[in-house]
1. Within the range 373-386, identify whether any single residue is farther than 24 Å from V175 by Cα and among the acidic types (D, E), and answer yes or no.
2. Would you mind stating whether A392 is under 24 Å from V521 (Cβ atoms) and either modelled with pLDDT of 95 or more or part of a helix (DSSP H, G or I) (or both)?
3. Taking the condition of being more than 17 Å from K155 (Cβ to Cβ) and over 15 Å from the mean Cα position of the chain (by Cα), how many residues in the range 196-215 meet it?
4. Among T314, T384, T400, T370, which is the only one that is of a type in the set (S, T, Y), under 26 Å from F474 (Cβ atoms) and modelled with pLDDT of 95 or more?
5. Name the one entry in S405, S373 that is free of Cβ contacts under 8 Å to residues at least 24 places away in the same chain, polar (S, T, N, Q) and surrounded by fewer than 19 Cβ atoms within 10 Å (Cβ to Cβ).
6. Residue check: is V289 in the same structural domain as A498 (by TED's automatic domain parsing) and surrounded by 24 or more Cβ atoms within 10 Å (Cβ to Cβ)?
7. Would you kindly identify the helices (runs of 4 or more DSSP H) lying entirely within the range 469-564 that contain at least 2 residues that are among the polar types (S, T, N, Q) and buried (at least 16 other Cβ atoms within 10 Å of the Cβ)?
8. Confirm whether I452 is assigned to a helix (DSSP H, G or I) and either hydrophobic (A, V, I, L, M, F, W, C) or in contact with a Phe, Trp or Tyr (Cβ under 7 Å, 6 or more places away or on another chain) (or both).
Amino acid sequence: MKRALAALAAVSVAVPFGAHALASAKSAQRNVAGLRAEVTDDAVHLTWPRTEGALDVLRDGTRIAQLGKGTSSYDDSDAAPGEVHVYRVGAAAHDDEARPASARTPSYKVGAASRDITPVGVVNQGGYGLGDGRLIPQAVVGRGGRDEAKGEHIKTRAFVVDDGKNAVAIADIEVQGWFAKYEFGSDGLQDMAAAVASRIPRLPVSHIVIASDHSHAAPDTLGVWGGPNPGYMDFVKAQVVAAITDAYAQRGYADLKAGHSDASDLVYNQSCTEALNQSKTPDYPGPDVCATPGKDGIVRVVQATAPSGKHPLTWMVYAAHATAGGGNGVHGDWPQFLSDAMTGQYGGQGIAMVGALGGTQPCRTACAFTKPSNPGYDVADRKTALVLNYGAHVAQALRTATPVSGPVLAAQGFIREPIVGPAVAALFTAGKYAGAELLRSHESPWVVGQTIRTVVGAVRIGGVVINTTPGEGFPRIRQDVEDSLGSQAQEVVQLGLANDQLGYLISPVSYVPIIAAEVPVNDNIIFNVSPTIGDHVACADIRLISTLQLTPTLPPTCAGYDVVDAAGDPLGDVPVGGVTLP
């Protein structure tokens, strides 16, 4: 009897042990050997030998997919950039017997896109003179409608950079300028950003920068030269929102690099004697004199490179007015020409944008101090020469560029300034009688009494710091930002006409009397809201940069602006206001 019980006990132990061994063997058959992980432009591509059972895909210990039997690959397009991910593919989500494979993703996800915004028919082009010809004769103003574009297509171009935690979007519109908010309708830059944010929660308004390229041959979207055709503003808004949305949808893995090249010999300071030498042969042989020293002649470039080696984005910023010409009919001037050329040369999207436009103008195409080594120096066609010259500096900047790493962050705010400039006040109040009505909102909070509100902002893409200027900022604004950061920034980029267009932002304020004395040959003081707005923008941008995990040192001159801005915007809460209309 005892021997029978012992035998029965042995059987009762052996049966479950045998079942466990059988299950383990079966599980081992269903776990993957030979798992490979490869980063492509769009995903982490996993491959393994075909198996018969259903499988779980794990990324960093978390199940991300359940696959049917017979599968042998999986694309993980949601893996965060800038990290090493460990993958397992097996029969159970937490089966440690599944052999791992690892993959390091590039630092960012980058997408870029463009949309055509070429107008149809005759349009008012902005940039020269004043009005639409109703009051001031066209012979004097040199302005008026033009036939529709012949061969040139203006666009809005946008890109998105995403570090897996935050994303930012930067877009350019190839028009004369664009306001934050308009008197009628909902086509302002703030409206565009809000429309994008409603579609893409990961792109809040504060993470969206939209600028114009300030072409002096593009449609007038400000009203100063007769304004846009009916429906054009709505059309452009839809295209801008679509371009940013497309850029976000097209994000793919990419590393970034940033560099710069000195192109100071291709622009001149309007307050220096170099402005007298706008041709190859010196017209002024005397000593160099400069009443307001300083110009930003640096070409700054950021390029994305995908795992395939393709370049989804090549972004360039340069402080040359879009007054260089060279196109036919309506065109976006050099930013359009160079954007198209970079797209053709590097692939993806080439996007050229303007920087610090205040106080400077471009050589058209060579000044007396322009280096003959520029590839377009002896080229007669202006458009070709511009693209050759600027494109050579893009190439040089890329040759010396260094990798970009670090977080993607952004911040946006508002400042308020008194409307001191008589010309700006006159355009607000009586411009419509000369066919030069400013279409910017006259209502609170954008205008209250004789004060105006505008947008300031800052973006950080790793070591690249971008400060936005809501108009044609002077180069001192960018220099103050760079000085405040010391060695913390790899590149400091100033974007012109970003999020608003309030004319010239003179900085430092000590330059204002000098610029005012030059009014017969320099219109910077005419289109100026306030003597202090340039310094105010610089200080506000530096303050915003301090929220981007950087520690800038505010100049002592910023103390007064900080006190004003710290109080918020009580005038913005006034329900009615605005300049008095006749």
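1. Yes, that holds for at least one residue.
2. no
3. The qualifying residues number 6.
4. Details: T314 fails: under 26 Å from F474 (Cβ atoms); T384 fails: under 26 Å from F474 (Cβ atoms); T400 fails: under 26 Å from F474 (Cβ atoms).
Result: T370 is the single residue among T314, T384, T400, T370 that is of a type in the set (S, T, Y), under 26 Å from F474 (Cβ atoms) and modelled with pLDDT of 95 or more.
5. After ruling out the rest, the residue left standing is S373.
6. Working: in the same structural domain as A498 (by TED's automatic domain parsing): yes; surrounded by 24 or more Cβ atoms within 10 Å (Cβ to Cβ): no.
The answer is no for V289.
7. The helices (runs of 4 or more DSSP H) meeting that bar are 475-485.
8. Numbers: assigned to a helix (DSSP H, G or I): no; either hydrophobic (A, V, I, L, M, F, W, C) or in contact with a Phe, Trp or Tyr (Cβ under 7 Å, 6 or more places away or on another chain) (or both): yes.
Criteria not met by I452.
The values are calculated or read from the model by the stated rules, or taken from the named source; none is laboratory data. Keep in mind the model is a prediction, meaning the values are calculated, not measured. Note that each Cβ is placed from the backbone with ideal geometry, even for glycine, and that neighbours are counted across all protein chains shown.
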